[in-house]
2 protein chains.
Amino acid sequence: MSAATRFLRACRRQPTDRTPVWIMRQAGRYLPEYRTLRARHGFLELCKTPELAARVTLMPIERFPVDAAILFADILLVLEPMGVGLEFAAGDGPIIRRPVRTRADVDALARVPAAEGLGYVLETVRLARERLADRVPLIGFAGAPFTLASYVIEGGGSRQYRHTKTLMYTDPAAWHGLMERLSETVVEYLQAQVAAGAQALQVFDSWVGCLGPDDYRAYVLPHMRATFAALAASGVPVIHFGTGTAALLELVREAGGDVIGLDWHVDLADAWRRLGYDVAVQGNLDPVALFAPVEEIRRRVGRILERAGGRPGHVFNLGHGVLPETPLAHVGALIDAVHELSARD
Amino acid sequence: MSAATRFLRACRRQPTDRTPVWIMRQAGRYLPEYRTLRARHGFLELCKTPELAARVTLMPIERFPVDAAILFADILLVLEPMGVGLEFAAGDGPIIRRPVRTRADVDALARVPAAEGLGYVLETVRLARERLADRVPLIGFAGAPFTLASYVIEGGGSRQYRHTKTLMYTDPAAWHGLMERLSETVVEYLQAQVAAGAQALQVFDSWVGCLGPDDYRAYVLPHMRATFAALAASGVPVIHFGTGTAALLELVREAGGDVIGLDWHVDLADAWRRLGYDVAVQGNLDPVALFAPVEEIRRRVGRILERAGGRPGHVFNLGHGVLPETPLAHVGALIDAVHELSARD
């Protein structure tokens, strides 16, 4: 068995020779070759130039024996063709110039097919897939409706999600209208990524952990269920990732996905038991653990593998994206540790 | 039964005529009378002028029928006499000019008794207690060792806690040395608050939710256990509050406290069952729910009261501090809703 099949088999809970591993944001700022490229090109420019975006997608593959590649893109790209005025300001993170806060704002969102508004992403998928030449599978991705809604409503990142929750609580019809629009858009976009060659998908509901269980059930679950039901027809495994979801795991499972992404706040064994063993899991090393000495990283990898108990259906990953300041050698040590400590041959 | 006893009885899990309620940061920026005072005085100046700090402590009591007052102060004041260079920069949050990142830094921390370095807080406690005239009890408070350590190490607020965890993982002896020092300091400070008249205490471990269960157990639990064991001798109820603790609740309980503070991420009924009914709970309305229409606030209050099941030992509160932009009338509506919907007479 080779790296070409390990990740997809684990997503389907089939036995593998060792636990597959990839790293969220593995094609990103902790790589010196990425920083060199980024010094010459703006972030959106990189995303929109398939030749460059495909090159970035392959960077971690050339350097590390990871078991999957993930498309270089951003979860917010899908919002641009909707006409909200997406910008990436240097140092300040994403900005949405025309936030959506009323039913009229929701109705005014443009409907543009992915092939038209996001053709550059689909071209990146085709190019990256071709260059990977089946060494490892390619993961496509998108933001989940709630996380996208939070950016669109707040006008950027947020700590409290005040405008997002205020819309939910004061105008539920507008809220559900927005979530439906985002769900449809995300589904169409991800289906187009699969058609272009993506072999698995990850849906990032990065900020959904700001909600309590009642709010998740009322305002998010129906839309996530619709999203995952539509994606199931794509025939590729779908990973459902969120952070801060310790109190939401049963509902996250109910929403759907073949693999549930876990952050580092939860014990993997506890979380998998709560989710049920008829779903695969991904995770869950604390990204900051990569700042520990290599022996400590190995110890922590070993502990997570122990918690997974050698059960088929574990994809090793961090609990959130790798941090830009992470020592490169420690990333290599992590990947080697996963493969060595999980070797079952 | 009156407001004078309701809160303390609930902390001790004794029956009450209605569920007591107070609000984290109730003496703060959402109050116009506070903003007026703050326009004329710096934040540290307010804290350090007992006459003014006592006046702020009583502001919410004059306006709302809350069941407890909480000392106006800041969790970081305790750090100033240790010599780390605490400042509150306008708009930027707290700054620690001389962060602690080595064993030598830990050993260099000054040892100053609370009566000397924090005499102004103790004087505020005395003044506020006198002016409350037993209308409602006065809660004293301090930051927990982990949360204080995170500020001292990072040099201010943080999102990733990179330096904090790096110290833990690379120099555990320095880490434990710092936690011991902070624990001793917090205990002595809180005991002095009780001696000055505080009738209950809250320990804020606001940021401990950034840790997974293994790290909490290894790096925090022993120090929290020591802290709560020492405080038990004070004879007043102690509230143990944290956010993001959904995966840590059993360990938080093990650490100690008569009342466990819950944030809004968890279902109160689930959380209380996990904690055990031999401890009281406090919480847990989402602070952002106060931006909802009043009928929706009442509905949410009712739901939390239902989850508490009328069991003695529930103190109603938000899941974290009230936000500065919160409509004043909605705070009043919340407090009335708690009292009306929980009336057992």
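The range B:52-91 and the range B:271-300 have Cα centres lying 24 Å from one another. The aspartates and glutamates within cross-link reach of A:Lys48, meaning a Cα-to-Cα straight distance under 16 Å and a gap of 8 or more places when in the same chain, are A:Asp74, A:Glu80, A:Glu87, A:Glu116, A:Glu123. Starting from the Cα of A:Phe88, move 7 Å in the Cα-to-Cβ direction to define the label point; list residues of the range A:120-137 whose amide nitrogen is under 20 Å from there. The answer is A:120-129, whose backbone nitrogens lie closer than 20 Å to the label point.
Using the Cα gyration tensor of the range B:1-89, with a ≥ b ≥ c the square roots of its eigenvalues, what is the shape: rounded (a/c below 1.5), prolate (a/b larger than b/c) or oblate (neither)?
Working: a/c = 3.17, a/b = 1.73, b/c = 1.84.
Since a/c reaches 1.5 but b/c is at least a/b, the shape of the range B:1-89 is classed as oblate.
For Cα pairs less than 8 Å apart in space and 6+ apart in sequence, what is the mean separation divided by the residue count of chain A, i.e. the relative contact order in percent? Please list the in-between numbers first.
Numbers: 670 pairs, mean separation 76.0, N = 345.
Contact order relative to length: 22 percent.
The label-point distance for B:Gln160 and A:Arg311, in a model that sets each label 7 Å from Cα toward Cβ, rounds to 3.2 nm. Computed from backbone phi with θ = phi - 60° and the Karplus coefficients 6.51, -1.76 and 1.60, the 3J(HN,Hα) list for the range A:6-19 is 3, 5, 5, 5, 5, 4, 9, 6, 9, x, 9, 5, 8, 6 Hz; x is used for glycine and proline. Annotation: for a label point projected 7 angstrom from Cα along Cα→Cβ of B:Ala195, residues of the range B:95-116 with backbone N closer than 14 Å are B:112-116.
Helix B:221-232 versus the longest principal axis of chain B: what angle, 0 to 90°, nearest 10, using Cα atoms? On a 0 to 90 degree scale, this one is about 60.
Give the calculated FRET efficiency between B:Thr170 and B:Arg12 to the nearest 0.05, with a Förster radius of 60 Å applied to their Cβ-Cβ distance.
My answer for the efficiency is 0.90.
What trypsin sites (Lys or Arg not before Pro) does the range A:93-148 have in DSSP loop regions with at most 11 other beta carbons within 10 Å?
Values: sites: A:Arg97, A:Arg101, A:Arg103, A:Arg111, A:Arg126, A:Arg129, A:Arg131, A:Arg135; in loops: A:Arg97, A:Arg101, A:Arg111, A:Arg135.
Filter output for the range A:93-148: A:Arg97.
With neighbour counts taken as other beta-carbon atoms within 10 Å, the residues B:Asp267, B:Asp67, A:Asp215, B:Asp134 rank, fewest first, as B:Asp134, B:Asp267, A:Asp215, B:Asp67.
If one takes the longest principal axis of the Cα atoms in chain B, at what angle in degrees, from 0 to 90 and to the nearest 10, does the Cα axis of helix B:294-308 lie? Approximately 80 degrees, to the nearest 10. By the helix-only formula, in which each DSSP H run with n ≥ 4 contributes -39500 (n - 2.57) and the sum is divided by residues, the protein assembly as shown has a 222 nm mean residue ellipticity of -14000 deg cm²/dmol.
Going 7 Å from the Cα of B:Thr49 in the Cα-to-Cβ direction, what parts of the range B:64-99 have a backbone nitrogen less than 20 Å from that spot? Under 20 Å, as judged by backbone N against the label point of B:Thr49, lie B:71-75, B:77, B:87-91 of the range B:64-99. Helix B:172-196 and the longest principal axis of the Cα set of chain B meet at an angle near 50°. Remark: the protein assembly as shown carries a charge dipole of roughly 180 debye about the Cα centre, counting +1 on each Lys and Arg Cβ and -1 on each Asp and Glu Cβ. Per-residue mean of foreign Cβ neighbours for B:235-247 is 2 (Cβ atoms of other chains, 10 Å radius). One chain, two ends: A:Arg111 and A:Arg29. Fully extended at 0.36 nm per residue, the span grows by 26.3 nm beyond their Cα-Cα distance.
Among bridges DSSP assigns within chain A, what percent are antiparallel (round to 5)? Could you put the intermediate results ahead of the total?
Numbers: 5 of 29 bridges.
Once the DSSP bridges in chain A are tallied, antiparallel ones form about 15 percent.
None of the figures in this text is laboratory data; all of them are computed from the coordinates on show. Small disclaimer: the values here were computed from a predicted structure and weren't measured. For neighbour counting, all protein chains shown are included, and Cβ atoms are generated from backbone atoms with ideal geometry for every residue, glycine included.
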